[in-house]
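Data first, discussion second: the structure below is written as structure tokens.
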Amino acid sequence: LNDVEEEIYKVNELIKKANANFRTKTFASNSYEIKINTTNTKELNFIYDAAVNRNLTPSLENYDVIDENINKIREIIGDYLEGANNKEVETLLDVRNYFEFDVTVKSSNYRKSLMQMLDKQSGGESQVPFYILIAAAFEETMEKRKSEDEKLCIVLFDEAFSNMDGQRVEEMLKFFNE
């Protein structure tokens, strides 16, 4: 649980940092914000709650509840391990599975979830938020590399802007350069 708590903390800090960066940048008058929620998977949500809220410390008042929670966690882990399926075990250990991510796209006219927009936009329009997220990831990587004296970073895209019109491609390249 300590490892899960530490990884959850890292994810939350990374999202906070990315959102702070997004507040200072716009693309074609839109701004972006990563939204993060806990998963709807009951078992993973239970472990998340136990790790984050540290509600497993026994006292005289809650000993029965704590014992029940510990047994529930053992049962969940046992169920995942019993299948001995590496994919199931990886699901339990990969902290990304404890979350659901989305991006809110904001302009002066609207505020929409990326998931809501995907089916309603052209290929180029729906690609932009993904490239914005990629740019944020590159920026974070470059920040880490600055402290390590490694300043070179090459990024290759295969057919990167194939669905975007010329104006969007130009705006996207400008965004990446900034």
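Details
- 29 Å Cα-Cα reach of Lys17 towards lysines, excluding residues that sit fewer than 8 places from it in its own chain: Lys25, Lys35, Lys42, Lys106, Lys112, Lys144, Lys146, Lys151, Lys174
- Full-extension gain in nm, Glu33 to Lys17, via 0.36 nm per residue minus C-alpha separation: 4.7 nm
- For the stretch 165-171, Karplus couplings with θ = phi - 60° (6.51, -1.76, 1.60), whole Hz, Gly/Pro x: 6, x, 5, 5, 4, 4, 5
- Residue-span extension gain [Asn109 to Leu93] - 0.36 nm each, minus C-alpha spacing: 1.7 nm
Read-outs: derived from the displayed coordinates by stated rules, not from any lab. Not measured: the values here are computed from a predicted model.
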